[in-house]
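The values are calculated or read from the model by the stated rules, or taken from the named source; none is laboratory data. For clarity, every value in this text was computed on a predicted model and none was experimentally measured. Glycine also receives a Cβ, built like all others from the backbone with ideal geometry; neighbour counts cover every protein chain displayed.
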Amino acid sequence: MRNVRVEVTYDGSQFYGWQRQDGFETVQQALEQGLDSLLGQALCVQGAGRTDTGVHALAQVAHCHLDSTLSDDRLRHAWNAHLRDGVVINRLETCPDEFHSRFDARGKRYLYVTHTSRFRSPIGRPYSHWTNTPLDLKAMRQAAALLVGRHDFVAFSNSGSPRTSTVRTVRSLHILARQGAFGLVVEGDGFLYNMVRTLAGTLVAVGRSKMGLEQVARALSDGRRADAGPTAPACGLYLLRVLYPHPVFEGRDRGGAGAPGLFQV
């Protein structure tokens, strides 16, 4: 048996979240069924964290112990060939036996995408939030600054998986404004259930003048869910990166014919 870690991208609109659930198609189930089909082994693929129904991931990290003599690159190609549409393994490498994708993680980085147009485009609806109201970018950035740091974020979460503490550290929170859209990029040591979506919903509410800065500060100090903004839809949320104290998946993605793309460096 060897321990392998993988970097996975998936289209959250095609799954009922990450975690296996009886009667529902999930990312974990798709990965495990692919391995079972390939190796004839019923294995557990453990992820760095759970994503909810409709939430996407560009670089989710997972690991599992398996028995195979295939090289890392051949195993990656073979495993991908046994996966359903909507999920792909970008990187795969044999790693130390003690590596754990969840317990070794030291943080995560998320992106929340909102399109801003008079009418909602019929293209890409499962992949972004949308609003057609004017937004005050300055006020949104001022509110974002209040949320950075170590706080009790209980007001910015919904009841879900059990947690021993609702205190988290938001290391950075940036609003990247573009014509017709903006992205909220948030990095922290961990996030509560629906916390990133509630942060996004709160900042949009501030931008629409539905909330003031004093209400955001009060939500942090008093911990009342009613003081925070709404939970934004899952479609706009992407897990960008899982952060570890040591590098994982080092170097360029290379196959038997070299690195993909125009420049084979």
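Points to keep in mind about this one:
- Filtered by the rule that a residue be touching a strand residue (DSSP E or B) at 6+ places or on another chain (Cβ under 9 Å) and among the basic types (Lys, Arg), the stretch 89-127 gives ARG91, ARG102, ARG106, LYS108, ARG109, ARG120.
- From the options GLU187, GLU98, residue that is under 30 Å from LEU70 (Cα atoms) and acidic (Asp, Glu): GLU98
- Single residue of the stretch 178-223 satisfying the filter (modelled with pLDDT of 95 or more and among the basic types (Lys, Arg)) that is nearest to the chain's Cα centre (by Cα): ARG197
- Complete set of residues in the stretch 4-33 that are within 17 Å of TYR127 (Cβ to Cβ) and free of Cβ contacts under 8 Å to residues at least 24 places away in the same chain: none
- Complete set of residues in the stretch 3-28 that are of a type in the set (D, E, K, R) and under 26 Å from ASP73 (Cβ atoms): ARG5, GLU7, ASP11
- Residues located in the stretch 34-48, provided they are in contact (Cβ under 8 Å) with a residue 40 or more places away in the chain and either under 15 Å from PHE15 (Cα atoms) or surrounded by 19 or more Cβ atoms within 10 Å (Cβ to Cβ) (or both): GLY34, LEU35, GLY47, ALA48
- Selection from the stretch 4-32 of residues that are surrounded by fewer than 16 Cβ atoms within 10 Å (Cβ to Cβ) and either under 24 Å from PHE249 (Cβ atoms) or charged (D, E, K, R) (or both): ASP22, GLU25
- Residue that is surrounded by the most Cβ atoms within 10 Å (Cβ to Cβ), among those in the stretch 133-156 that are in a strand (DSSP E or B) and touching a residue at least 40 places away in the same chain (Cβ under 8 Å): HIS151
- Matching entry among ARG102, ARG109, ARG91, ARG50 (being modelled with pLDDT under 95 and either within 18 Å of the chain's Cα centre (by Cα) or not assigned by TED's automatic domain parsing to the domain that holds GLY12 (or both)): ARG50
- Reported count of residues in the stretch 112-132, each being within 30 Å of GLY49 (Cα to Cα) and surrounded by fewer than 19 Cβ atoms within 10 Å (Cβ to Cβ), is 7.
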